[in-house]
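Working notes for the structure below.
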């Protein structure tokens with residue numbers, strides 16, 4: 001490729017300030033993948049989460065002040081068992097009010113968090129969760145009205161794993177941090193002086209720096225055989241399309257609400273903000289493979305905007321897996337089916353609701369009001385929800401699980417498989433929704449945009465699920 005004189009001058013100018021472009025240089029480096037500490041309850045003892053400021057190295061040798069839990073950016077991975085009652089003592093050591101929620105956890109609204117459980121500075125919130133749902137990957141995060149985007153961006157998010165004794169789980173890797181890997185994906189924006197900046201735009205925040213578990217381009221050495229990645233999109237607004245750099249296939253085994261009916265062999269999977277997936281990658285001795293995403297931008301793509309923020313990614317590597325030459329474990333064949341999904345039959349009397357996600361931020365023309373219940377339903381009931389979005393965004397429902405019936409009039413894709421609580425909406429999507437937990441007027445569930453800036457501006461509704 002030949003360059004014009006103008007392009008060469010721009011390239012020269014850019015090279016002169018390369019010392020002021022840390023993200024561009026550090027994004028080329030490899031980091032060892034940080035594994036969040038595992039926090040487990042033993043003998044009924046409570047778990048502790050301290051929300052606090054802490055120091056974190058996004059760049060080698062440089063510590064930035066961020067938010068997190070228990071002294072770390074992001075939070076520890078909480079692992080709890082089906083059938084247990086788990087108490088989590090959350091202590092707000094920050095200087096502003098914060099509410100937390102546990103997305104994907106199927107518990108009554110009175111203990112799930114949200115606005116009615118705001119922690120003022122130096123106060124605690126101590127829910128006791130009855131764990132009754134099958135094994136799955138959830139996440140906990142800030143849900144403070146009007147501040148969710150900033151607080152999650154600053155580091156108030158973490159993974160939560162529910163385990164059970166279902167024999168099907170024995171087919172999958174379960175050695176946390178070894179062959180069962182938490183992968184928390186985010187995008188950030190850094191200044192030329194290495195400062196972390198949150199400056200959302202009208203359509204939600206996107207940054208040019210892709211981070212996994214808080215670092216650039218991480219790698220991890222894994223054994224041969226199946227390796228399980230628990231994927232969580234903890235970004236504010238960016239959706240990812242993920243694939244392997246070798247273009248080989250991998251296996252989706254679980255969605256937001258647990259194990260799928262059967263393994264899905266795919267070469268790509270998408271992940272909306274708040275969505276979770278569990279995938280298996282087959283590794284053999286002396287192999288290296290990277291999970292990558294879309295929207296990488298090359299150097300020449302940045303020449304015209306060296307001092308401007310871009311919504312494209314500098315690097316597209318999410319994580320690199322490496323096996324040693326002497327690793328001799330093999331990936332055992334998976335069964336043709338895992339479980340029979342209890343699919344809901346077609347009902348002739350199912351109520352249909354249309355939920356319009358308006359732009360810039362409203363639901364059916366109304367912004368969030370914590371004194372208003374937008375939808376009332378009965379527990380155990382089933383409805384069809386047609387979600388229409390004026391701008392592409394992520395959508396979620398608390399206190400319910402759903403199956404995707406159609407997307408823009410077409411059949412669901414592999415991305416839509418299984419029971420879910422979060423989904424990407426680009427146009428129109430039809431959901432079959434089952435309401436499974438109680439909520440009240442005082443403690444309602446929430447539904448609405450999981451694109452955090454839209455949620456902060458009011459694209460949230462309140463849901464009451466009652467017994468009558």
Note to self: For a test of the definition: using alpha carbon positions, the gyration tensor, and the 1.5 limit on a/c, classify the stretch 136-263 as rounded, prolate or oblate.
What the structure shows: prolate
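Would you mind ranking 50, 466 so that the residue whose beta carbon has the fewest other beta carbons within 10 Å leads the list?
In order of increasing Cβ crowding within 10 Å: 466, 50.
Using a 10 Å cut-off around each Cβ, can you sort 219, 63 from fewest to most neighbouring Cβ atoms? Could you put the intermediate results ahead of the total?
Values: 219 17, 63 12.
Fewest-to-most Cβ neighbours within 10 Å comes out as 63, 219.
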Checklist line | Contour excess over end-to-end distance, with Cα ends at residue 81 and residue 192 and 0.36 nm allotted per residue | finding: 35.5 nm
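Could you line up 248, 261 from fewest to most neighbouring Cβ atoms inside 10 Å?
Working: 248 11, 261 15.
Ordered from fewest to most neighbouring Cβ atoms within 10 Å, 248, 261 come out as 248, 261.
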Notebook entry, point to check: Between the stretch 405-449 and the stretch 222-265, how many Å separate their Cα centres?
Noted result: 20 Å
Note to self: Would any residue of the stretch 424-447 have its amide N under 20 Å from a label point 7 Å out along Cα→Cβ of residue 339? List them or say none.
What the structure shows: 432-438
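Remind me, relative contact order of the stretch 180-322 in percent, using alpha carbon pairs under 8 angstrom and six or more residues apart?
Details: 315 pairs, mean separation 42.6, N = 143.
Averaging sequence separation for qualifying contacts and normalising by length gives 30 percent for the stretch 180-322.
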Next item on the list: Note down the nm distance, to one decimal, between modelled labels 7 Å out along Cα→Cβ at residue 132 and at residue 410.
Entry: 3.9 nm
Note to self: Would the stretch 97-147 count as rounded, prolate or oblate if I go by the C-alpha gyration tensor, calling it rounded below 1.5 in a/c and otherwise prolate when a/b exceeds b/c, oblate otherwise?
What the structure shows: prolate
Check: Rounded to the nearest 500 deg cm²/dmol, what is the calculated helix-only ellipticity per residue at 222 nm for the chain, with -39500 (n - 2.57) per DSSP H run of length n ≥ 4?
Finding: -2000 deg cm²/dmol
Notebook entry, point to check: When DSSP assigns beta bridges and you keep just the ones with both residues in the stretch 42-89, what percent turn out antiparallel, to the nearest 5?
Noted result: 75 percent
Item checked: Estimated FRET transfer efficiency (residue 352, residue 324; beta-carbon r; R0 51 Å; 0.05) -> 0.40
Margin query: As a test, work out the antiparallel percent of DSSP beta bridges whose residues both lie in the chain, rounded to the nearest 5.
Written below: 70 percent
Note to self: Once R0 is set to 35 Å, what does the formula 1/(1 + (r/R0)^6) return for the Cβ-Cβ distance between residue 221 and residue 267, expressed as a FRET efficiency to the nearest 0.05?
What the structure shows: 0.90
Notebook entry, point to check: Which shape class applies to the chain: rounded if a/c is under 1.5, otherwise prolate when a/b exceeds b/c and oblate if not, where a ≥ b ≥ c are the square roots of the Cα gyration tensor eigenvalues?
Noted result: rounded
Margin query: Below 8 Å, C-alpha to C-alpha, sequence gap of six or more: please give me the relative contact order for the stretch 94-209 in percent.
Written below: 20 percent
Note to self: Can you tell me the length gained on complete extension of the stretch residue 203 to residue 96, counting 0.36 nm per residue apart and subtracting the Cα distance?
What the structure shows: 35.9 nm
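Just so you know, all these numbers are worked out from the coordinates, no wet-lab data involved. Computed from a prediction, not measured in an experiment: that's the story for all the values here. Note: ideal-geometry Cβ built from the backbone for every residue, glycine included; neighbour counts use all protein chains shown.
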